[in-house]
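Read through the structure below, which is laid out as structure tokens, and then see the notes.
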Amino acid sequence: CKQRNDVLHMGSFIHRNPCKSGAQCKDIDNEKHFQEYEHPSYCPSGGYCQDTSDNHEKAYRHLPLCKYFQKCLEYQKHIKTHCEKFRHCNPSCKLGNYCINFHDKQHIENYKHPFPSPCVFTPYHCTLHEQFTMTTNIEKILDEVEQHCLDFAHVCRFGRNCTDKDSLHIEKSIHVLRPLCPSGNECTKLIQEDHLNSFTHPNIRDIRFLCKYADKCYERRNPKHLSKFRHIITFEDSGVVR
Ligand SMILES: [Zn+2]
Ligand SMILES: [Zn+2]
Ligand SMILES: [Zn+2]
Ligand SMILES: [Zn+2]
Ligand SMILES: [Zn+2]
Ligand SMILES: [Zn+2]
Ligand SMILES: [Zn+2]
Ligand SMILES: [Zn+2]
């Protein structure tokens, strides 16, 4: 109601307070609650609404999401009875730039993400992205390498410790929030590859560069070297670590 400041209007009509949760209210189907508070009305686009912007989601009530999203056959055949009951859109992924499901093809197809399609080789096996991040002179980088890093999203090597505020970096990267190592600076497992690959440590990149000497490397017990390079170990106690 736009006339809430009009005393006469307010005196002559009953006004319910708007529900704080608005269109996202979980009690919207509870009749008593629904009567008591004012809730937004249904979106006029019904089951076809594609607008997943925050403002729109708050302003209108929407039908429940169909579990087949836009791949739903009934939706594609415009079956009215089904489309009146379910919404068919690609909602935004709640994790956004921090999405950990980037290798789940279904998830990437069904949810909108702020980054381009994830490179199938990220985080450990993309040599083009490795060249891109290792270079000290961005001018000298091959066009092919740069093009690949613009076309596909890659996992940022710094994860939650990333300080890169460059908008292009943020747009093209996935920042996976790995669990922090509970021991932090006092960690005693800094020479264990699988530990370094699973937890974030201060001053150590989440995704370290690949050491070219692999399991022939003499410095594999040197924490300083390990903080920069990872090693593909094919034998050894921890089994296969990629
Ligand atoms: Zn409510
Ligand atoms: Zn809508
Ligand atoms: Zn459907
Ligand atoms: Zn996601
Ligand atoms: Zn790549
Ligand atoms: Zn980053
Ligand atoms: Zn640790
Ligand atoms: Zn090494």
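Residue-wise test of (1) open to solvent by 50 Å² or more (accessible area, probe 1.4 Å); (2) closer than 20 Å to GLY22 by Cβ; (3) basic (Lys, Arg).
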| site | (1), (2), (3) |
| --- | --- |
| SER45 | yes, yes, no |
| LEU65 | yes, yes, no |
| HIS88 | no, no, no |
| ILE100 | yes, no, no |
| GLN106 | yes, no, no |
| GLU109 | yes, no, no |
| LYS112 | yes, no, yes |
| CYS119 | no, no, no |
- LYS112 versus (1) under 25 Å from the mean Cα position of the chain (by Cα); (2) away from ligand 4 (no atom under 16 Å from the Cβ): which is the lone unmet condition? (2)
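Okay, residues lined up against (1) assigned to a strand (DSSP E or B); (2) within 16 Å of ligand 8 (Cβ to nearest atom); (3) closer than 22 Å to PHE229 by Cβ; (4) open to solvent by 70 Å² or more (accessible area, probe 1.4 Å):
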residue: VAL145; (1), (2), (3), (4): no, no, yes, no
residue: CYS149; (1), (2), (3), (4): no, no, yes, no
residue: ARG160; (1), (2), (3), (4): no, no, yes, yes
residue: THR163; (1), (2), (3), (4): no, no, yes, yes
residue: VAL176; (1), (2), (3), (4): no, no, yes, no
residue: ASN185; (1), (2), (3), (4): no, no, yes, yes
residue: LYS189; (1), (2), (3), (4): no, no, yes, yes
residue: LEU196; (1), (2), (3), (4): no, yes, yes, no
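The values are calculated or read from the model by the stated rules, or taken from the named source; none is laboratory data. In this text the structure is predicted, and so the values were computed from the model without any measurement. Every residue, glycine as well, gets a Cβ built from its backbone with ideal geometry; the counts of neighbours run over all protein chains shown. The protein model used for the area step is the full one, side chains on, heavy atoms only, and it has no ligands, DNA or RNA in it. Shrake-Rupley method; radii C 1.70, N 1.55, O 1.52, S 1.80 Å.
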